[in-house]
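The values are calculated or read from the model by the stated rules, or taken from the named source; none is laboratory data. Computed from a prediction, not measured in an experiment: that's the story for all the values here. All Cβ positions, even for glycine, are placed from backbone atoms using ideal geometry, and neighbour counts span all protein chains on display. What goes into the accessible areas is simple: the full protein's heavy atoms, side chains included, and nothing from ligands, DNA or RNA. Shrake-Rupley method; radii C 1.70, N 1.55, O 1.52, S 1.80 Å.
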Amino acid sequence: METSGTLDRLRPGQQAEITRVDAPAAERTRLMALGFVPGAPVRALLESPWGDPVAYGICGAVIALRRADARQIGIKEV
């Protein structure tokens, strides 16, 4: 079963596929350079004790994003 939403909804241990990046141009370029590109698999790894930021595994790296940034990245959870 597939569900869609945004990256900020992914909980530690869950995996999804990036579908879109809906950020302003400069921020979209930065996120895409980090590997958040459509079709890329991503996994939520760790959540800080306060819930923000969250560490994501993508393209063999671990990237921490604030929830506000993660909210701009569309996903399809499989």
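The residues in segment 1-28 that are surrounded by 12 or more Cβ atoms within 10 Å (Cβ to Cβ) and assigned to a helix (DSSP H, G or I) can be counted, and the count is 5. Only residues that are in a strand (DSSP E or B), surrounded by 12 or more Cβ atoms within 10 Å (Cβ to Cβ), of a type outside the set (V, I, T) and in contact (Cβ under 8 Å) with a residue 24 or more places away in the chain were counted across segment 58-78, and they come to 4. Within segment 36-48, residues that are part of a strand (DSSP E or B) and among the hydrophobic types (A, V, I, L, M, F, W, C) have Cβ atoms under 7 Å from residues that are at pLDDT below 95 and open to solvent by 80 Å² or more (accessible area, probe 1.4 Å) in these pairs: A44/R11, counting only partners at least 6 apart in sequence or on another chain.
Condition check: touching a strand residue (DSSP E or B) at 6+ places or on another chain (Cβ under 7 Å) and among the hydroxyl-bearing types (S, T, Y). Does T29 satisfy that? For T29, the condition - touching a strand residue (DSSP E or B) at 6+ places or on another chain (Cβ under 7 Å) and among the hydroxyl-bearing types (S, T, Y) - is not met. Scanning segment 29-57 for residues that are at positive phi and open to solvent by 50 Å² or more (accessible area, probe 1.4 Å) yields a total of 0.
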